[in-house]
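Asker: Before we start, here is the structure in question, set down as structure tokens.
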Amino acid sequence: MTIISKLPNVKTTIFTVMSQLATEHNALNLSQGFPDFNGPQDLLDRVSHHMTIGHNQYAPMTGVPELRQAIAGKINALYGAEVDVDQEITVTSGATDALFTAIATIVNPGDEVIVFDPAYDCYEPAIDLAGGKTIHIPMKSPDFAIDWQQVRESINANTRAIILNSPHNPSGTTLSTADIQALQAIVDDFDIYLISDEVYEHIVFDGEPHLSLLRYPDLAARAFVISSFGKTYHVTGWKIAYCIAPKEMSAEFRKVHQYVSFCTVSPMQYALAEFLGSSPHHLELSDFYQAKRDRFRAGLEGSRFTLLPCAGTYFQMVDYSEISELPDMELAHKLTVDEGIASIPVSVFYAKPPKQTVLRFCFAKSDETLDQATELLRAI
Ligand code: PMP
Ligand code: GLN
């Protein structure tokens, strides 16, 4: 029997491919985005505590109430939004689950969903599985800005949603006030949903605020806003995230969620609830990663890589046109095998890769790893 693939064009993700290659060749792994240091000890201790006292059975389908309460408090403090704890917040198994579920909730066969290339890789397969069509709008070079005129021109009767991602992986750009205004004008004219991937909400540099869609009632009224504790607490392997949406949208989201995963790992939720309420960790994250960004950038001075701007996330893009004419996939492979450093080729995030020579490095690494990495890169 042969399976007729529902995702004939999908291969193993670039994150798995590059991390495996890095392991095989014992290379420094600045490819897949994850820290090489541990989460806060206090948070880890709280997980052990909750396991020991017996918080090891199914959590409520929508998430542990204490955690939803803590999330609502944070959102109110940061974005001034009043979110209903019981009806508008759903805890999920990672942002990947939340994104898949949000897409499955609203996309019907034939619907179109707009994404901006370079786009994070899990959006399109979820749209495909729902029978939808992904409309790729390239971000403009050289600054990876969104062409709102093109967005407007791409909208038609089939357009169901726009997926936004700010701070943006892989480019490190963030939405500006002008972007928000352009988006507001669009939703004023067209009846479409927004899916806002804000997993890097707490990693925004140079004193800029994060423009969460939750700050804007007209946008929040039609948005699934998604964040992930994996990024914020250096625990990407926990796969705990949440989705915030108005109550009717959340109700439909939950119908899907309860049959995708039903609920999410319990002791971590209790631990996160306490930690979120008691520690300002998330407020300190921008400074923490800004120092790493600056260290990595300073370390690349004098190299033949050209640094692109980085306003948020823990990714730095670099142009390598002075070094090689190889396609980025080949160069990323070669640097891993021959030079001992792994990165992510940016072309994989495009439907139609432009002529560009750009790699992405993850700087969520210890200072020692960053120094070793920049020493290697300066010698290339
Ligand atoms: N969206 C973006 C932009 C990401 O970079 C990631 C993962 N790093 C995710 C979603 C998925 O997050 P999670 O690991 O919580 O599933
Ligand atoms: N989001 C991470 C990155 O961009 C990877 C997550 C994954 O491996 N699926 O590197």
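The values are calculated or read from the model by the stated rules, or taken from the named source; none is laboratory data. Bear in mind that the values here come from a model prediction, so they are computed numbers and not experimental data. Methodologically, a virtual Cβ is constructed for each residue, glycine included, from the backbone with ideal geometry; neighbour enumeration extends over all protein chains shown. Only protein heavy atoms, including side chains, enter the accessible area calculation; ligands, DNA and RNA are left aside. Shrake-Rupley method; radii C 1.70, N 1.55, O 1.52, S 1.80 Å.
Asker: At most 13 other Cβ atoms within 10 Å plus a DSSP loop assignment makes a site exposed; report the longest stretch of the chain without any exposed GluC sites (Glu not before Pro).
Answerer: Working: sites that count: 82, 301, 322, 325.
No qualifying site falls inside 83-300, the longest such stretch.
Asker: Same structure, new question: Each residue of the stretch 51-65 in turn: what ³J(HN,Hα) in whole Hz from Karplus with 6.51, -1.76, 1.60 and θ = phi - 60°, glycine and Pro shown as x?
Answerer: 5, 5, 7, x, 7, 10, 9, 3, 7, x, 3, 8, x, 4, x
Asker: Could you list, in their original order, any pairs among 6/231; 255/365; 11/365; 255/292; 133/231; 11/231 whose Cα atoms are separated by more than 32 Å? Write down the numbers at each step before the final one.
Answerer: On the way: 6/231 30 Å; 255/365 38 Å; 11/365 27 Å; 255/292 41 Å; 133/231 29 Å; 11/231 25 Å.
255/365; 255/292, as the Cα separations exceed 32 Å there.
Asker: Cross-link candidates for residue 74: which aspartates and glutamates have Cα within less than 13 Å, leaving aside residues fewer than 8 places away along the same chain?
Answerer: Residue 74 reaches 66, 82, 84, 201, 274.
Asker: What accessible area per residue, rounded to a whole number of Å², is obtained for the stretch 53-192 using a probe radius of 1.4 Å? Walk me through the numbers before you get to the answer.
Answerer: Numbers: 5650 Å² over 140 residues.
Counting only protein heavy atoms, the per-residue value for the stretch 53-192 is 40 Å².
Asker: Kindly provide the chymotrypsin sites (Phe, Trp or Tyr not before Pro) of the stretch 1-80 that DSSP labels as loop, not H, G, I, E or B, and whose Cβ sees at most 13 other Cβ atoms within 10 Å. Before the final figure, lay out each step's value.
Answerer: On the way: sites: 15, 37, 58, 79; in loops: 37, 58.
Filter output for the stretch 1-80: 37, 58.
Asker: Could you give each residue of the stretch 11-27 its phi-based ³J(HN,Hα) in whole Hz, using Karplus coefficients 6.51, -1.76, 1.60 with θ = phi - 60°, and x for Gly or Pro?
Answerer: Couplings: 10, 4, 5, 4, 5, 5, 4, 6, 5, 5, 4, 4, 5, 4, 9, 6, 8 Hz.
Asker: For 1, 18, 51, what's the largest-to-smallest order of accessible area, 1.4 Å probe? Walk me through the intermediate numbers first.
Answerer: Numbers: 1 240, 18 5, 51 90 Å².
Correct descending sequence by accessible area is 1, 51, 18.
Asker: Hey, another quick one. Just to check I understand the Karplus step: with θ = phi - 60° and J = 6.51 cos²θ - 1.76 cosθ + 1.60, what whole-Hz values come out for the stretch 245-255, glycine and proline as x?
Answerer: Each residue's phi maps through the Karplus curve to give 7, x, 4, 5, 5, 5, 4, 5, 4, 5, 4 Hz.
Asker: How would you classify the stretch 233-322 from its alpha-carbon gyration tensor, with a ≥ b ≥ c the square roots of the eigenvalues: rounded for a/c under 1.5, else prolate if a/b is greater than b/c, otherwise oblate? Let's see the in-between values first.
Answerer: Values: a/c = 3.06, a/b = 2.00, b/c = 1.53.
Prolate, since a/c reaches 1.5 and a/b exceeds b/c.
Asker: Hey, can you grab everything whose amide H is under 5 Å from the amide H of residue 205? Only 5+ residues off in sequence or another chain; H modelled, so Pro and N-termini drop out.
Answerer: 312
Asker: How big is the dipole moment of the chain about its Cα centre under a simple scheme where the beta carbon of each Lys and Arg is +1, that of each Asp and Glu is -1, and everything else is neutral? Debye, nearest 20, please. All intermediate terms of the calculation are to be shown ahead of the outcome.
Answerer: Working: 27 positive and 47 negative charges, 125 e Å.
Dipole of the chain, to the nearest 20 debye: 600 debye.
Asker: Which of 344, 323, 192 ends up with the largest GNM mean-square fluctuation for the chain, with Cα atoms connected below 10 Å?
Answerer: In the Gaussian network model the winner is 323.
Asker: Here is a follow-up. Using a cut-off of 14 Å between beta-carbons, work out the net charge of the residues near residue 214 (Lys and Arg +1, Asp and Glu -1, residue 214 not included).
Answerer: Values: positive: 74, 215, 222; negative: 82, 84, 88, 197, 198, 201, 218.
With Lys, Arg at +1 and Asp, Glu at -1, the neighbours total -4.
Asker: May I ask you to give the percent of accessible area on the chain that is carbon plus sulfur, with a probe radius of 1.4 Å? Kindly include the intermediate steps, with their values, before the conclusion.
Answerer: Details: 8440 of 16560 Å².
So the carbon and sulfur contribution to the accessible surface is 51 percent.
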